[in-house]
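**Student:** Right, I'll just put the structure down here and ask away after.
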Amino acid sequence: MSRILLAAHPTIGHISALRAIGVQLRDLGHTVGFATTRVRLPLSGLWPAPLKAGMEVADAITSHGLDVLPLSPSPGAIWYAARLPWNTGHDELAVAIELFTVGLQSQAREIAAWATRMDADVIVGDYLMPAAMLAAGLVKRPYVALYHSALPFPVDGAAPFGSGLGATARGSPPGSRQKRRSVASSDVSTSAYEALLTRSGCPAQPADS
């Protein structure tokens, strides 16, 4: 049987699919560990829905009999998660990019440490957990990215993620401003990611991959 490390950010949409897969793998006799952050905040009822849901993620994982491999919380992630519900369109996308890439280097090192500790045969990461791929490169383990729909928070009259993309006409000043912001955020995150690949000795990804 195999030892499998799963990794995702502590959001309901990005945990649920991996959690279900982890339960099935465990029932088949594999050893499964789930790397994520335990979110603990005071006055839990006053935080936006994504943060309130994030506080319940680790308990939801353990309630299904899976071991949580805790990652250190990032103050930056809390900041971006709190801002996410108040943004729409490309602004929302820009905040989401920041949310899922903040603390990338430290998370990659912690996931790599957990992979070494449990002698993982493979690392399976949510598609918005790039630290999992970096970690796999650091410890020379196979890596699998799980792509899925991660849209748990509905918005009246709009898709739950990317809400507002249709509210600003293409080429209009608001639409152009939002697009420039999301592209800039993506470029910054890509540059930081490539720098981490170089420093960690991981192979660089082709530009068209």
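The values are calculated or read from the model by the stated rules, or taken from the named source; none is laboratory data. This structure is a prediction, so every number in the text was calculated from the model and none was measured. Because the Cβ atoms are built from the backbone with ideal geometry, glycine has one as well, and the counts that use them run over all protein chains shown.
**Student:** Cβ-Cβ under 9 Å, sequence separation 6+ or interchain: first residue in segment 6-23 and basic (K, R), partner in a helix (DSSP H, G or I). Which pairs?
**Tutor:** So the pair list comes out as R19/V57; R19/A60; R19/I61.
**Student:** Which number in (1) surrounded by 18 or more Cβ atoms within 10 Å (Cβ to Cβ); (2) closer than 18 Å to L69 by Cα marks the one condition that T101 misses?
**Tutor:** Among (1) surrounded by 18 or more Cβ atoms within 10 Å (Cβ to Cβ); (2) closer than 18 Å to L69 by Cα, the lone unmet condition for T101 is (2).
**Student:** In segment 3-17, which residue that is closer than 18 Å to A108 by Cα and hydrophobic (A, V, I, L, M, F, W, C) is surrounded by the fewest Cβ atoms within 10 Å (Cβ to Cβ)?
**Tutor:** Among those residues, the one meeting the criterion is I4.
**Student:** Answer yes or no: is there a residue in segment 97-107 that is modelled with pLDDT of 90 or more, within 19 Å of A7 (Cα to Cα) and of a type in the set (D, E, K, R).
**Tutor:** Scanning segment 97-107, I find no residue that is modelled with pLDDT of 90 or more, within 19 Å of A7 (Cα to Cα) and of a type in the set (D, E, K, R), so the answer is no.
**Student:** Follow-up question, since we're still on this one. Failed condition for Q24, given (1) surrounded by fewer than 18 Cβ atoms within 10 Å (Cβ to Cβ); (2) at pLDDT 75 or above; (3) under 15 Å from A8 (Cβ atoms), with all others met?
**Tutor:** (3) is the only condition that Q24 fails.
**Student:** Separate question: Examine segment 71-92 for a residue that is at pLDDT 80 or above, surrounded by 14 or more Cβ atoms within 10 Å (Cβ to Cβ), among the hydrophobic types (A, V, I, L, M, F, W, C) and not in a strand (DSSP E or B), and state whether such a residue exists.
**Tutor:** no
**Student:** Test T31 against the criterion of being of a type in the set (S, T, N, Q) and either modelled with pLDDT under 90 or more than 16 Å from S2 (Cβ to Cβ) (or both), and give yes or no.
**Tutor:** no
**Student:** Could you list, ordered by first residue, the pairs with Cβ atoms under 7 Å in which the first is in segment 59-85 and farther than 15 Å from T36 by Cβ and the second is in a helix (DSSP H, G or I) and of a type in the set (K, R), at least 6 apart or interchain?
**Tutor:** Close Cβ pairs (under 7 Å, with a partner that is in a helix (DSSP H, G or I) and of a type in the set (K, R)) amount to G65/R26.
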